[in-house]
Amino acid sequence: MERTDVVVVGAGQAGLSSAYHLRRLGVEHVVLDANPAPGGAWQHRWPTLRMATVHGIFGLPGMDFTAPDPSLRANEAVPAYFAAYEQRMGLHVRRPVTVSAVRDLGPELLVQTDHGPLRTRGLVNATGTWTRPFWPSYPGRETFGGRQLHAAQYRGPDELAGHRVVVVGGGSTAVQLLPEIAAVAETLWVTRRQPRFRDDDFTPEIGREVVSRVEDRVRRGLPPESVVSVTGLVRTPQVAAAQAAGVLERHPVFDRITPDGVAWSDGRTWEADVILWCTGWRSALDHLAPLRLRGPGGGIRMDGTRVAADPRIHLVGYGPSASTVGANRAGRSAAAELRDLLGTSERSTA
């Protein structure tokens, strides 16, 4: 059976950052990625997402990200950068390889994949969230006679043209999609909480506050909260224009779903053809279930990037390192800690 010092699962921003630092530190490692091509989750983004409306893209370590033509599709421009990065940095990613489970073998971990098992002394999990769209439960959802889709399945406004569309969710995804859908369809925007828009700049102080709050939650073993719940929504020129046009008129979320649409407890109803769930994602960690890392709070108790209960395992791109700049820093930290840990132990010969 193949052995290595560290297995990196996932080759998005977090995985590539980790692999870069592991390589620089001389730590033997293997990078596995379930995607067919470079680009992580970016290659699956909806085709109408352009670089002009993408926020917070930071270059990977050692290679700056030069802002491309704003009119380019994000699902082409960012994957092209990732592909160039892998080649320049000599990062050999095995793909497509799907990890089904990680199991504890005592001193080592067994990584089970659809291309055979590997034994490793350390693990960097960088699987992100894209493959785990969150579908909230509402009474009557199974009775709806129209179409329901998650933002992860959205492929542009043309498929919704002429329909009545309920857009559910108060995050940046809903705010990005509503203007283009409203241009071809009748929309109703519903959220659980009143959205909070901010006009001030996202300062380093605000960034540290966000990281501190999320770190506190994962340190206590609670699931990470959404970034928007901490930062609010940035009022970009595009958002301001949509507000002026009346597109971003928010309504309280419905109480139940009916065969013909949605309904509120006060008797109001709205007929709909489509419900678009812009309700976020959850961390893709099912393959770690055999390790029983989750605590009573529903999350995994963390110490930095390290799983508190098992220093061999690091989660990069989880919690406070979910942003692109956070993933870069976390990749460096995880690589250094694993180098130090593995440098003091003997490789198993069992």
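Coordinate-derived values only; no laboratory data. Predicted model only: the values in this text are computed from it and were never measured. Counting neighbours? That spans all protein chains shown, and the Cβs are built from the backbone with ideal geometry, glycine included.
Structure data summary
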| item | result |
| --- | --- |
| Gain upon complete extension [T236, T143; 0.36 nm per residue less C-alpha separation] | 29.7 nm |
| Among 311-322, 267-278, the order from most to least packed when residues are scored by Cβ within 10 Å on average | 311-322, 267-278 |
| DSSP beta bridge pairing in the chain, given as percent antiparallel to the nearest 5 | 40 |
| Amide hydrogen neighbours beyond the local backbone of L233, cut-off 5 Å, H modeled | R196, F197, R198 |
| For the chain, calculated [θ]222 nm from helices alone, where every DSSP H run of n ≥ 4 adds -39500 (n - 2.57) | -7500 deg cm²/dmol |
| Estimated translational D of segment 225-312 in µm²/s (Stokes, Kirkwood radius over Cα pairs; 25 °C; 0.890 mPa s) | 139 |
| The chain: angle of helix 172-182 to the longest principal axis, Cα-based, in degrees nearest 10 | 40 |
| Computed label-point distance, nm, for sites T131 and R164 using a 7 Å Cα→Cβ extension | 3.9 |
| From phi via Karplus (6.51, -1.76, 1.60), per-residue ³J(HN,Hα) for segment 287-294 in Hz, x at Gly/Pro | 5, 8, 3, x, 7, 6, 7, 6 |
| Radius ratio Rg over Rh of the chain, counting only Cα atoms, Kirkwood formula for Rh | 0.99 |
| Tensor-based shape of segment 10-101 (alpha-carbon gyration tensor, a/c under 1.5 rounded, otherwise prolate or oblate) | oblate |
| The chain: relative contact order in percent, alpha carbon pairs under 8 Å with at least 6 residues between | 24 |
| Karplus 3J(HN,Hα) series, Hz, for segment 20-32 with 6.51 cos²θ - 1.76 cosθ + 1.60 (x for Gly, Pro) | 4, 6, 4, 5, 5, 8, x, 8, 4, 7, 10, 10, 10 |
| Rg followed by Dmax, in Å, when segment 139-200 is reduced to its Cα trace | 12.7, 43 |
| Alpha-carbon centroids, segment 169-183 and segment 263-318: separation in whole Å | 22 |
| Under Karplus coefficients 6.51, -1.76 and 1.60, residue-wise ³J(HN,Hα) of segment 318-328 in Hz, glycine/proline x | 10, x, x, 9, 6, 7, 5, 5, x, 5, 4 |
| Å³ per residue enclosed by the Cα convex hull of segment 61-208 | 244 |
| Distance-filtered residues of segment 288-314 - backbone nitrogen under 13 Å, label point 7 angstrom along L110 Cα→Cβ | 290-291 |
| In degrees, nearest ten, helix 74-89 long axis to first principal axis of the chain (Cα) | 10 |
| Gain on full stretching of the segment that runs from R3 to R256 - 0.36 nm per residue minus C-alpha separation | 85.9 nm |
| Segment R24-R94, length gained on full extension (0.36 nm per residue, minus Cα span) | 23.3 nm |
